[in-house]
Structure formats: structure tokens, C-alpha cells
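What follows is a single structure, written as C-alpha cells, with notes after it.
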Amino acid sequence: MATWLIIVLICVSTLKVVLASPPTFVMDWLLAKFALHAKVLEEDTTVTHMGKSLEGEEKIQFIQHFNEAVFFDRYDEYDVPGTNTGIPLVMVTKKGKKKVRLSVYIYSDHVDVFKQSSKKAAAYSLLSESLQNGSITLAGNH
């Protein structure tokens, strides 16, 4: 009887430690799964601006700057800015098996992103000096 009690205590203690402080790879996976501003992969993403597809170095550079951008603020469902000036960059990418459409509006002080998937929509703001300062020059954006 005492042997089983010790085995159960060891198992419960191990489970408690794992649940209280999970390994880094588990936390990284969980955070990435539920992140609003998730990283996009170049090979799974198409980027268009004014109907023209971005290719090569321009596409790679834009995706890299987008991935490095810092999440700033999430807009509430009823607090989304109604007047978006400029023409968005449209990114279509995959998240698992689902396609996600990101409309990116670049301004001088922030970047607005409107994310649409088959069932959900979200809007949020990013900060990215590289995108805001026009290191990627695109006609139609302010």
C-alpha cells in the first residue's frame, strides 16, 4: 500500500510541475496558436498592391518587416476606424488549412491590419519603423 502511495505522489508531483511551468516549446506553440499578429511565411503568402502581385526582393522585404512589426493595439468590434485612406496591401496566407486575408494600411505613425478568415474578423494596429518610414515605397499609400 505504501509503495502505491509513493508512486501516486511522484506522478502527481511530476504532473503538477509540468502544468505549473510547461516546457518552452509548449508555451511557444500555445502562444503562436492564439496570437493575433502571427508570423507569415513567404512561401505560403501572396502580396498584392493595386491588383499587382509583389514578387522577389520586394515581397521578401515586406513580409520580413511585417513579421518584425510590434503589436500595438487591438480595435474593438465597434471601434474600428471607418475611414481608411490609401490603397491596402493585401496578403493572402495560410494558417493551418485555412486561408487568411490581411489588408494592411500603412500610415506615417502606425500600420492598420484587418484580418479576415472564413469565420472571424479582427482589426489591430502595429508599429514598424521600416514600414512607416516608407522603406518599401508603394504608390497610393500615405
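Numbers for the structure displayed
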| quantity | calculated |
| --- | --- |
| Any chance I136 is in contact with a Gly (Cβ under 9 Å, 6 or more places away or on another chain), within 22 Å of E42 (Cα to Cα), at pLDDT below 90 and surrounded by 15 or more Cβ atoms within 10 Å (Cβ to Cβ) | no |
| Residue satisfying all of: in segment 68-115; among the charged types (D, E, K, R) and assigned to a loop (DSSP other than H, G, I, E, B); modelled with the lowest pLDDT among these | D79 |
| Tally of residues being part of a strand (DSSP E or B) and either outside the structural domain of D76 (by TED's automatic domain parsing) or not small (G, A, S) (or both) across segment 116-138 | 4 |
| When residues of segment 32-45 are limited to those that are over 13 Å from F66 (Cβ atoms) and at pLDDT 85 or above, the one surrounded by the most Cβ atoms within 10 Å (Cβ to Cβ) | D44 |
| Residues located in segment 22-65, provided they are small (G, A, S) and in a helix (DSSP H, G or I) | A32, G56 |
| Filter pass, T14 being surrounded by 10 or more Cβ atoms within 10 Å (Cβ to Cβ) and either in contact with a Ser or Thr (Cβ under 6 Å, 6 or more places away or on another chain) or part of a strand (DSSP E or B) (or both) | no |
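The values are calculated or read from the model by the stated rules, or taken from the named source; none is laboratory data. Since the structure is predicted, the reported quantities are computational estimates derived from the model, not experimental observations. Here the Cβ is made from the backbone with ideal geometry for all residues, glycine too, and neighbour counts use every protein chain on show.
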